[in-house]
Amino acid sequence: MSEEPIARPVVVSLSYLDASRWLDAQETVEQVPAPEAVVQWLKAFIAEFYQPEVKRPKRPESFKSLTDRFGNPVSISTAKKHG
């Protein structure tokens with residue numbers, strides 16, 4: 001008798017970020033509806049603890065210091081090295 005294996009969850013998460021990371025790592029991610037009790041708990045948790053991330057202005061790339069591939073500072077000169 002050949003029975004098909006039953007899929008068993010290893011990890012369960014409500015996070016899109018977790019799912020995205022697992023997909024990037026070539027893991028199998030299944031989407032299923034959350035039970036109503038879990039949805040209500042999550043809504044209550046968010047209402048009590050959620051704080052939006054403070055948006056800080058991004059500094060233009062032209063103002064950032066240059067570094068080499070090892071993270072050491074570099075400088076650029078327009079002067080000729082050889083005369």
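The values are calculated or read from the model by the stated rules, or taken from the named source; none is laboratory data. None of the values given here were measured: they were computed from a predicted structure. Glycine also receives a Cβ, built like all others from the backbone with ideal geometry; neighbour counts cover every protein chain displayed. Only protein heavy atoms, including side chains, enter the accessible area calculation; ligands, DNA and RNA are left aside. Shrake-Rupley method; radii C 1.70, N 1.55, O 1.52, S 1.80 Å.
Annotations for the structure displayed:
- Acute angle (nearest 10 degrees) that the helix 36-49 long axis makes with the longest principal axis of the chain, alpha-carbon atoms: 40 degrees
- Accessible surface area normalised per residue over the stretch 34-83 is 112 Å², counting heavy atoms of protein chains with a 1.4 Å rolling probe.
- Of [x] 19.4; [y] 13.7; [z] 14.2, the label for Kirkwood radius over Cα pairs in Å derived from the coordinates: [x]
- Added length on full extension, which subtracts the Cα-Cα distance from 0.36 nm per residue, residue 81 to residue 24: 16.0 nm
- Farthest toward positive dipole pole in the stretch 15-83 [+1 Lys/Arg, -1 Asp/Glu at C-beta], among 52, 76, 23: 76
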